[in-house]
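Below: one structure, written as structure tokens.
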Amino acid sequence: MANEEFLARVPIFANCTPKEIEAIVAVAQESGFQGGQIIVTQGTPGQAFYLILSGRVEIIRDGQSLGAFGPGDFFGEMSLLDQAPRSATIRALEPTLCLMLSSWDFKALLEQYPSIAVKLLEVLSRRLRVADERLGR
């Protein structure tokens, strides 16, 4: 499956046009990780979004395993907008290939394609409303 197809399935990019998806993929980089390798560390500043193309990763928070992600899953989406500390450590369980998008490349892309920002805000707003409703219950 092409990187464009993977990226178009990510909820925060699902409403982007094919041209916008192509522009995002053009600035993204494929990054490979060996089994056991730490990809991001809890508490460090987030600087990139990762989409898993192949392989599996483990999500670890405060030393506890919370589960695993595989192809098509993603993490670090909030890092595209802020550089807040990572909420979990992500470790490759096996050889893993990710499509990585740095926050600075993404922000530069938004200057060229501001419509991506509007679509991203719509998705984030919906997610915030859902989280707010859950807290209200």
### Message
If a residue must be assigned to a strand (DSSP E or B) and either under 25 Å from residue 108 (Cα atoms) or modelled with pLDDT under 95 (or both), how many such residues does region 17-53 contain?
### Response
13
### Residues satisfying the stated conditions in region 60-83, i.e. at pLDDT below 95, aliphatic (A, V, I, L, M) and not in a helix (DSSP H, G or I)
66, 81
### Task
Give the residue, chosen from 64, 34, 29, 42, that is polar (S, T, N, Q), surrounded by 14 or more Cβ atoms within 10 Å (Cβ to Cβ) and more than 21 Å from residue 122 (Cβ to Cβ).
42
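Only one of 36, 43, 32 is small (Gly, Ala, Ser) and touching a Leu at 6+ places or on another chain (Cβ under 7 Å); which? Walk me through it before giving the result.
Values: 36 fails: touching a Leu at 6+ places or on another chain (Cβ under 7 Å); 43 fails: touching a Leu at 6+ places or on another chain (Cβ under 7 Å).
Only one candidate qualifies: 32.
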#### Entry: Residues of region 77-94 that turn out to be out of contact with any Leu (no Cβ under 9 Å at 6 or more places or on another chain) and among the aliphatic types (A, V, I, L, M), as a count
4
### Residue ID - surrounded by the fewest Cβ atoms within 10 Å (Cβ to Cβ), chosen from residues in region 75-124 that are touching a helix residue (DSSP H, G or I) at 6+ places or on another chain (Cβ under 9 Å) and of a type in the set (D, E, K, R)
82
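Please enumerate the residues belonging to region 1-12 that are among the hydrophobic types (A, V, I, L, M, F, W, C), within 16 Å of the chain's Cα centre (by Cα) and at pLDDT 85 or above. Even if it seems obvious, please write down each step before you answer.
First, the residues of region 1-12 that are among the hydrophobic types (A, V, I, L, M, F, W, C): 1-2, 6-8, 10, 12.
Add one more test, that the residue is within 16 Å of the chain's Cα centre (by Cα), and what stays is 6-8, 10, 12.
Listed by number, the residues that qualify are 7, 8.
The values are calculated or read from the model by the stated rules, or taken from the named source; none is laboratory data. All of these numbers come straight from a predicted model, not from anything done at the bench. Virtual Cβ from ideal backbone geometry, glycine too; neighbours counted across all protein chains shown.
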